[in-house]
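Contents: one structure, followed by commentary.
Read-outs throughout are calculated quantities, based only on the coordinates presented, and are distinct from any laboratory measurement. Quick caveat, the model's predicted, so the values are computed rather than measured.
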Amino acid sequence: MAQLADILSWLLLSAGAFFFIVGGVGLVRMPDIYTRMHAASVSETLGTGLMLAGLMLQSGLTLVTIKLIILGILFFLTGPVITHALAQAALHAGIRPQLSDDGDLADLMPLALASAPDRDDGEVPPGRPS
């Protein structure tokens, strides 16, 4: 039984390491900040979950497992929030996503186009300082 737990934990640790490597490659290969953040956040969340599950199997039912569960909750709550905050900061800084060659963002990103010259109704969009 202990050997099965060791094999399963090493499989989980290896799968977590694989997702971390894929996320690192995504950070280097993706074209803009938004796709880089997506690659990093998805692989970080999945990689962290798999790594922590593998470490929990290695530690057994001890206080270390409780600490790993708390650490996992911390990662799963803060990781997506940090990624969302970074994306909002990039959007408000005027960094536009690379969606297509024609650059038509009108349907997808209304806040990104709020400062476009064709907007003359005087209304301040939500989330923008007046």
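Our compactness index for the stretch 6-50, the C-alpha radius of gyration over the empirical 2.2 N^0.38 Å, is 1.24.
Working from Cα pairs under 8 Å separated by at least six residues, relative contact order for the stretch 2-92 is 34 percent.
Net length available on complete extension from Phe76 to Val64 is 2.5 nm, with 0.36 nm assigned per residue and the Cα-Cα distance removed.
For the stretch 2-92, the calculated P(r) over all alpha carbon pairs, in 10 Å bins from 0 to the bin holding the longest distance, is 18, 39, 28, 12, 3, 0 percent.
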